[in-house]
1. Pick out the one residue from D156, D181 that is acidic (D, E) and within 22 Å of G57 (Cβ to Cβ).
2. Of the residues that make up the stretch 175-184, is at least one farther than 27 Å from V276 by Cα, touching a residue at least 12 places away in the same chain (Cβ under 8 Å) and surrounded by fewer than 22 Cβ atoms within 10 Å (Cβ to Cβ)?
3. Please go through the stretch 164-202 and give me each residue that is in contact with a helix residue (DSSP H, G or I) (Cβ under 8 Å, 6 or more places away or on another chain), among the basic types (K, R) and outside any helix (DSSP H, G or I), ordered by number.
4. Could you list, in sequence order, all residues of the stretch 107-140 that are of a type outside the set (D, E, K, R), more than 21 Å from D76 (Cα to Cα) and part of a loop (DSSP other than H, G, I, E, B)?
5. Any residue that is without any contact (Cβ under 8 Å) to a residue 24 or more places away in the chain and out of contact with any His (no Cβ under 8 Å at 6 or more places or on another chain) - is there at least one of those in the stretch 285-295?
6. Test L265 against the stated conditions and say whether it is without any contact (Cβ under 8 Å) to a residue 60 or more places away in the chain and within 14 Å of S304 (Cα to Cα).
7. Does E319 meet the test of being more than 21 Å from the chain's Cα centre (by Cα), farther than 23 Å from V24 by Cβ and either outside any strand (DSSP E or B) or modelled with pLDDT of 95 or more (or both)?
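The values are calculated or read from the model by the stated rules, or taken from the named source; none is laboratory data. All values reported here derive from a predicted model rather than from experimental measurement. For neighbour counting, all protein chains shown are included, and Cβ atoms are generated from backbone atoms with ideal geometry for every residue, glycine included.
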Amino acid sequence: MTSTVRAPSIEHPPADEISPKNAVPAWREAGLRYYAYNYFLRHRFGQRIHKVSVDAGFTCPNVDGAVATGGCTFCDNRSFSPSRRLPRQNIAGQIDEGIRRIQRRYTAKKFLAYFQPATNTYAPVARLRPLYEQALAHPLVVGLAIGTRPDCVADDVLDLLGELAGRAYLSVEYGMQTMHDRSLDWMNRGHCHDAMLDAMQRSRGRGFEICAHLILGLPGETHADMLTTAREAVRLGVDAVKLHNLYAVKNTPLADQVVAGEVSLMNRDDYVHTLVDILEILPPTCVVERVSGDAPPDYFLGPSWCLDKPGVLRAIEGEFLRRDSWQGKRVAVRG
């Protein structure tokens, strides 16, 4: 699959004009090195907020044959979505069960319903609306997060999302992954980067947060390639990012490639170095929803360092300290 990447005419300020000169964002004054999602949510809602994973039973167009079969080469939805590892209940039942699990460990009293596994806009509006409405009707739910692909947001679906965003907080998470078409081809994505350009063009200004998922360490991508993808996300004007390294879970094509020695996974030092490089070029207004990824040990193949999430976070903080740096440090501002 090949595609010509076209530059969209999105009206959004360049990264070097987002913040006034010498302005210090509140998250930095709070002692943070990057604009963490939990900080953003606490200040938006005035209390701790947690996501509750919801499985609405969707598939993906690169699974059902619409654009490809087999799904993404790295993907087993059960490995990253708690809701897909459990017997499926109705939406309210899933939210209740998810809240019970979360409240065993945390004190959160309000929640976001996170439509997480598969492609959660891949259906007609007549099917989507009642699912979203059921989640919003839950008395402890204050908003929605909807994970999807940039090639699965028809105009009427975007109209629905804009309507919901007028009533409650809504984050739409696009699986951008990379801007490099050769990498999208490798992962059997079934679309090219121009799908992300089109989705951003039609999504902006509808009132919902736009979050881009980015994967670091894709085969054949250099450090410069990864930074180019990050700069493209900035150019497109995403409101938030989710970053993690490529990791392998069992029973996927990627797992077979790793075992066969065809794909090498990123080591922790390289990941931390690249991640901090990317955070330094993100505008200080861009929310960082995730800086690492892992999977349950029963599903996980590697790299093993992913399973030590506290250690990864300490390494990221240590790299910031070593550089005396923070998110946006390398974003130029005009006086």
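1. Numbers: D181 fails: within 22 Å of G57 (Cβ to Cβ).
The conditions single out D156.
2. If we filter the stretch 175-184 for residues that are farther than 27 Å from V276 by Cα, which is where we start, we get none.
Within the stretch 175-184 (the criterion being farther than 27 Å from V276 by Cα, touching a residue at least 12 places away in the same chain (Cβ under 8 Å) and surrounded by fewer than 22 Cβ atoms within 10 Å (Cβ to Cβ)), the answer is no, since none of the residues qualifies.
3. R167
4. The answer is T107, A108, P124, A137, H138, P139, L140.
5. Scanning the stretch 285-295, I find no residue that is without any contact (Cβ under 8 Å) to a residue 24 or more places away in the chain and out of contact with any His (no Cβ under 8 Å at 6 or more places or on another chain), so the answer is no.
6. Yes: the conditions hold for L265.
7. no
One line per residue, one yes/no per condition, for (1) under 23 Å from G98 (Cβ atoms); (2) modelled with pLDDT under 95; (3) basic (K, R):
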position	(1), (2), (3)
R129	yes, no, yes
G143	yes, no, no
A165	yes, no, no
N188	no, no, no
E221	no, no, no
T228	no, no, no
